[in-house]
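Below is one structure; the comments refer to it alone.
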Amino acid sequence: MVNHYFQNILTFRDKRLFSFISFLPPDSPPYLCPAFQKHFNKMTKPRILIAGAAGFIGSHLCDRFLAEGYQVIAMDNLLTGDLANIEHLFKEKDFEYYHHDVTKFVHVPGKLDYILNFASPASPIDYLLMPIQTLKVGALGTHNLLGLAKEKKARILVASTSEVYGDPLMHPQTEEYWGNVNPVGPRGVYDEAKRFLEAITMAYHNYHQVETRIIRIFNTYGPRMRLNDGRVLPAFFGQAIRGEGLTVFGDGLQTRSFCYVDDLVEGIYRLLLSDYHLPMNVGNPSEITMMQFAHEILDLVQNPKAFIDYRPLPVDDPKQRRPDITKARTILGWEPKYDRKEGLRITYEYFKVKVQNAG
Ligand SMILES: NC(=O)c1ccc[n+]([C@@H]2O[C@H](COP(=O)([O-])OP(=O)(O)OC[C@H]3O[C@@H](n4cnc5c(N)ncnc54)[C@H](O)[C@@H]3O)[C@@H](O)[C@H]2O)c1
């Protein structure tokens, strides 16, 4: 770890000097001097840039890396994110926020040990509304952040998605599956942006020897999701709490698998610190049909006015999604800890307040 590296150098080379400054005997450890302690902490703490930090997943990553003792630089242009997700962190001395669009040249002064690229519209409503920004952030944004990683000799982890498998013909999806994507369909802007993100990340790894990590995230949920982001889970919660129809597309037999956000964050943390540079699935393999899922939400919310409202299936809606997580299990020792019941219970508390505040 970089931390250890600095610690070794400093205790070895600078011990005498700093002990002198602090008027302590030369064999005292340098961390006994309070003035130096502050400076030393700054130098030894790993420093991480999180792009997309004001978003749902990015904000949870900020919390986790601060809790792990990192200095966190949060970057976002608030395209789909919300400062409210990270405002509780502004008082932290190890937290900085840069308002910046990563499709423009990215400069961060000082050292950087790690970069997480989580900047991108991620929900269908967002990327259908902002197709060009979605393609640009996947392509130009990722290129800029890879360039920064190369310059700083930082390790970079990029957020890819199960959408790279498109409407998969293989089930469950292993990382070796190349996918079934319609490049010119409405979802193509997101799927192809992420496929490019993976390709350019591998190119930087192979050509420039940048230390890269690629995570393929499957549907994730939890507090700080937006109520109206077009994803099924907030939609169901909003509709159930308000006592409306829960929109189920087609016959409702299409499946998804939902991972609680804390489990995902643990997977990201482990992958970043691992030696594995090929794409890795992280998600919860527990699969459920949309019809069953709607019933689970109805049971949880217990609003007698809510009901299931069947609508025609949208274009290119994937029919099945379930990650094969053998790699995450064997390489990272990772598996989801939250079952759906527990994760939904926590998330329901969050959405209750959201719906109330939305009036
Ligand atoms: N949530 C999921 O289930 C899921 C699944 C698969 C992959 N992912 C990936 O994880 C990442 C985060 O997703 P999320 O659900 O937190 O979405 P989100 O929309 O909540 O967060 C994305 C953040 O990126 C920011 N952003 C967008 N374009 C930017 C730009 N050009 N410059 C700087 N910031 C920019 C947004 O303002 C937002 O804060 C995305 O890359 C997404 O593709 C998410």
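Observations, loosely collected:
- Label-point separation, residue 153 to residue 300 (7 Å along Cα→Cβ), nm: 4.7
- For the options 228, 144, 284, a Gaussian network treatment of the chain with springs between C-alpha atoms closer than 10 Å singles out 228 as fluctuating the most.
- Placing one equal scatterer on every Cα of the range 195-235 and applying the Debye formula, the log10 ratio I(q)/I(0) at q = 0.14 Å⁻¹ is -0.52.
- In this rough spin-label picture, where each label sits 7 Å from Cα along the Cβ direction, the residue 278-residue 99 distance is 4.4 nm.
- Where the Cα pairs of the chain fall when distances are cut into 20 Å bins, in %: 28, 54, 16, 2
- Beyond 27 Å in Cα-Cα separation lie the following of the pairs 45/91; 194/341; 150/194; 327/352; 104/194; 91/354: 194/341; 327/352.
- GNM top mover of 115, 214, 200 - the chain, alpha-carbon springs below 10 Å: 200
- Between the C-alpha center of the range 266-328 and that of the range 136-205 there is a gap of 19 Å.
- Taking the C-alpha atoms only, the angle from helix 232-242 to the longest principal axis of the chain is near 70 degrees.
- Among 210, 248, 184, residue whose mean-square fluctuation peaks in a GNM of the chain (springs only between Cα atoms under 10 Å): 184
- Dipole in debye (nearest 20) - the range 208-329, about Cα centre, beta carbon charges: Lys, Arg +1; Asp, Glu -1: 120
- Distant-in-sequence amide contacts of residue 247, defined by a placed amide H-H separation under 5 Å and a gap of 5 or more residues or a different chain, comprise 309.
- Contour excess over end-to-end distance, with Cα ends at residue 68 and residue 326 and 0.36 nm allotted per residue: 90.2 nm
- Ratio Rg/Rh, restricted to the range 242-359 and using Cα atoms, in which Rh is the Kirkwood radius: 1.04
- Per residue, the solvent-accessible area of the chain (1.4 Å probe, heavy atoms of protein chains only, all protein chains present) comes to 47 Å².
- Helix 340-357 vs. the chain, principal-axis angle (Cα, 0 to 90°, nearest 10): 90
- Percent carbon-and-sulfur accessible area, the chain, ignoring ligands, DNA and RNA, probe 1.4 Å: 57
- Radius, Kirkwood style, for the range 60-217 when every pair of distinct Cα atoms is counted (Å): 16.5
- Computed about its Cα centre, the charge dipole of the chain is approximately 900 debye, with only Lys, Arg, Asp and Glu carrying charge at their Cβ.
- Cα-based helix-to-principal-axis angle, 142-152 vs the chain, degrees rounded to 10: 20
The values are calculated or read from the model by the stated rules, or taken from the named source; none is laboratory data. If you're wondering where the values come from, they're calculated on a predicted model, not measured in any experiment. Note that each Cβ is placed from the backbone with ideal geometry, even for glycine, and that neighbours are counted across all protein chains shown. When the accessible area is computed, the model is the full protein with side chains, heavy atoms only, and any ligands, DNA or RNA have been set aside. Shrake-Rupley method; radii C 1.70, N 1.55, O 1.52, S 1.80 Å.
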